1. Return the residues of the range 10-41 that are modelled with pLDDT of 95 or more and either under 17 Å from I84 (Cα atoms) or among the basic types (K, R) (or both); say none if nothing qualifies.
2. Kindly indicate the residue of the range 86-106 that is closer than 15 Å to Q42 by Cα and not β-branched (V, I, T) and also surrounded by the fewest Cβ atoms within 10 Å (Cβ to Cβ) among those meeting that condition.
3. Can you tell me which residue within the range 61-85, out of those that are surrounded by 15 or more Cβ atoms within 10 Å (Cβ to Cβ) and of a type in the set (V, I, T), is nearest to V44 (Cα to Cα)?
4. Please go through the range 60-97 and pick out each residue that is touching a Ser or Thr at 6+ places or on another chain (Cβ under 9 Å) and either within 25 Å of E36 (Cα to Cα) or modelled with pLDDT of 90 or more (or both).
5. Considering only the range 8-51, state which residues are under 18 Å from the mean Cα position of the chain (by Cα) and in a strand (DSSP E or B).
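The values are calculated or read from the model by the stated rules, or taken from the named source; none is laboratory data. Keep in mind the model is a prediction, meaning the values are calculated, not measured. Every residue, glycine as well, gets a Cβ built from its backbone with ideal geometry; the counts of neighbours run over all protein chains shown.
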Amino acid sequence: MSKPPLIFIAVVALIAILATQRYFSQRKQEAANDREPVRATQVVVGDKRAFAASTNRSRQREHIVNEAMRYEVTFQPQRGGENIVVRLKQPQYDPITPGAHGTLKMQGTRFISFTAQR
């Protein structure tokens, strides 16, 4: 058998290095979130957005039934400040309604819960 081309080996090595860096940065962020206290903020739900996880979509392409979706909610603090944009899983995303007032609990950058006021 012939040797694999040097460019192939370089690409595989680059992918392995980038994946390792990504893994360690995620572990670092998780550790930072664990060290942070849980903070509660009075907020108003500004906007909800569900979009396909795939970024290579063309406008003319039909909707794929089993396509992975991402869910994003924008919260506006009632006492002013910068908007908080949070990515959620679908079970967390569905009960949140735009315009709702409530308490947002976060631990660092990690979403804990949103409790709407009645």
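1. Residues satisfying the conditions are R22, R27, K28.
2. My answer is G99.
3. T74
4. Residues of the range 60-97 that are touching a Ser or Thr at 6+ places or on another chain (Cβ under 9 Å), as a first pass: 64, 67-68, 75, 77-79, 81, 83-86, 92.
Within the range 60-97, F75, P77, Q78, R79, G81, N83, I84, V85, V86, Q92 meet the criteria.
5. V45, G46, D47, K48, R49, A50, F51
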